[in-house]
Each structure stands twice: as structure tokens, then as C-alpha cells.
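A short reminder: the numbers here are calculations on the coordinates, not readings from a lab. Just so you know, these numbers come straight off a predicted model, no measurement behind them. Note: ideal-geometry Cβ built from the backbone for every residue, glycine included; neighbour counts use all protein chains shown.
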Amino acid sequence: MNEAAQGRTPTGRPERRAATTVHGVVIRRSDFRESSRIVACLTRDHGRMVGLAKGAHRADSVFLGKIDFLNEVRATFSADRGGLRLLLRAEAMRERRALREPLRFLAASHLAQLCDFAMPDARPAPDVFDLLVGGLALIERCPPNAIGQVVLGLELRHLEVLGALPDLERCTTCDTPLPDGAFRNEHEPGLVCRAHATLPRLAVGSEVLELLRTLRRTPGRQLPAIAPPVPPRVAAPLLASWFAAATEQRFRLRALLFEHC
Ligand SMILES: [Zn+2]
């Protein structure tokens, strides 16, 4: 039962004094003073929630082993009084131990950063949350040699959620279909036909496009099963340019990840 729903006033405004219980994923933790931690969770109904877990470093803490990175938790936060909330209780619903393997850990950490970036504070963001939880499950279970294509597939969905995924089928200038590869112009994310590519032309190979189109139309849980026409790392720089255009961020973990995928 969602306690925020219980805590609404007759006017429908959230009751500020009510505690909030959420289902979330722990995506950041930082030390606070000697014995406490600040914990950030991404949630489906309340966006990003941040709270102070008092005494979380103590050997007898009620939080011990529950608020580990990437755990799915049921967590209760104190009322929003404008400052930092307290994390009152946390129960681990799922620990993703397989993600401790180095390459999976890298992929999962990258996905967590992407979703953290896209997640609003204290507002529902079901598409971002579902991408995170579904993506973590895939990264946890897929064969090791499929991690690269799974991450690319998740990144395409993430760009779509941001509204920043260029048309993969047609020239962004004249709408001509792009059956055999495409071009892009410097500082512009969209794909263009040869006629609309300015010199020097930056080619996007047909196999890279084919990989991206396949990933795009493949349902999430089937991403590990596709046979990529080129190694995922070949397509990775193109997505890096799309992320840079959309977010002005460089997601550093992906460079490391795609050295191995
Ligand atoms: Zn064109």
C-alpha cells in the first residue's frame, strides 16, 4: 500500500507530514559524518528519493546489508519538510549478486547513471524506472558476450525516453529512406542521406545502422539473443554523440565498458 496515497488531504494535495514508503532501487550512497550515509533511490512513483540513513555504518545498524548499491528495496522516508528526509526503514526485496561480476557491474553502474540523470526528483517516472529494473535484470542474466548489445539496446530506449533518439530509417532533412547506411553532420545528431551530408562526410556504416535498427525493434528480453552484424563497440561512438547532444554529459563508464564488448 502506498503511504503517499494514504497521506493525501481532501484537496488531493500530498500531506507533507506523512512518511512515504516506496519501492526503489538504491543507486547512490555517500558517507555522512562518521556513522551515517546518504542514500539515493530511484522509484517508480516518486522519482528520485534521497534520505539520511542514520547510523548506517554501525555494526548493529538496522540498515546493514539492505541498502547496498543496486538493491531493490522497500524503503520508508520521513515526511518532506523541505530539508533532507530521513530514511526510516529499508527492506531488501532483491539483491542482485550476479551484478558484482566486473563487466556486469560496469554495465549496471552505467545504466544506473543514465537513469539517475533522467529521473526527476519526487515525480513519477515509470518509463525510466522500468528501464532501470528491466535493464538490471537483463544485465544480471544475459550471457557475458551479450552484455554489449544489451547495453546498446538499453541506451537506444533511454534516448527514446529522453526524446533524443534520431530517426534511424530516414534522412532527417529530406525524409528519404536510408537503406544502405547514412551520414551525419558534425554537431548535429540526425542521420542524413549523401545529398544532405556536408563535407567532410561522416559515414555511418550500413552494418551499424542494421545493428541499431535490430536492437530498436527487438523486445528487451530478446536483446541477448540477436546476432550483431558488427561488434557493439563499433556502434558505441555514434550513441556517445547522441548522448552528448541530448544531455551535454559524457557517461564515462561506457567507454570502459565498450573496450570489452
Ligand atoms: Zn536527405
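Using +1 at the C-beta of Lys and Arg and -1 at the C-beta of Asp and Glu, which of P144, A112, L131 has the Cα lying farthest in the positive direction of the dipole of the range 99-258?
About the Cα centre, the residue reaching furthest to the positive side is P144.
In debye, nearest 20, what is the charge dipole magnitude of the range 99-258 about its Cα centre with +1 on Lys and Arg Cβ and -1 on Asp and Glu Cβ, if you could check?
360
If Lys and Arg each add +1 and Asp and Glu each add -1, what is the summed charge of the other residues whose beta carbon sits under 9 Å from the beta carbon of E91?
+3
For helix 147-162, what angle does its Cα long axis make with the longest principal axis of the chain, in degrees from 0 to 90 and rounded to 10?
80
For the range 251-260, what does the Karplus curve 6.51 cos²θ - 1.76 cosθ + 1.60, with θ = phi - 60°, yield as ³J(HN,Hα) per residue in whole Hz, taken in order and with x for Gly and Pro?
8, 5, 5, 5, 4, 5, 4, 6, 5, 10
In terms of the Cα gyration tensor, with a ≥ b ≥ c the square roots of its eigenvalues, is the chain rounded because a/c is under 1.5, prolate because a/b exceeds b/c, or oblate?
In terms of gyration-tensor shape, prolate.
Report, for the range 48-154, the % of DSSP beta bridges that are antiparallel, rounded to 5.
Expressed as a percentage, antiparallel bridges in the range 48-154 total about 65.
For the range 33-98, state which trypsin sites (Lys or Arg not before Pro) are in a DSSP loop and have at most 12 other beta carbons lying within 10 Å of their beta carbon.
R33, R81
What is the packing order of peptides 162-173, 99-110, taking the mean over residues of other C-beta atoms within 10 Å and listing the highest first?
Sorting 162-173, 99-110 by mean packing, highest first, produces 99-110, 162-173.
With angles folded into 0 to 90 degrees, how steeply does helix 102-118 sit against the dominant principal axis of the chain? Use alpha carbons for both and round to 10.
Tilt relative to the chain: about 80 degrees.
Order 236-245, 175-184 from most to least packed using the mean count of other Cβ atoms within 10 Å.
Descending mean neighbour count gives 236-245, 175-184.
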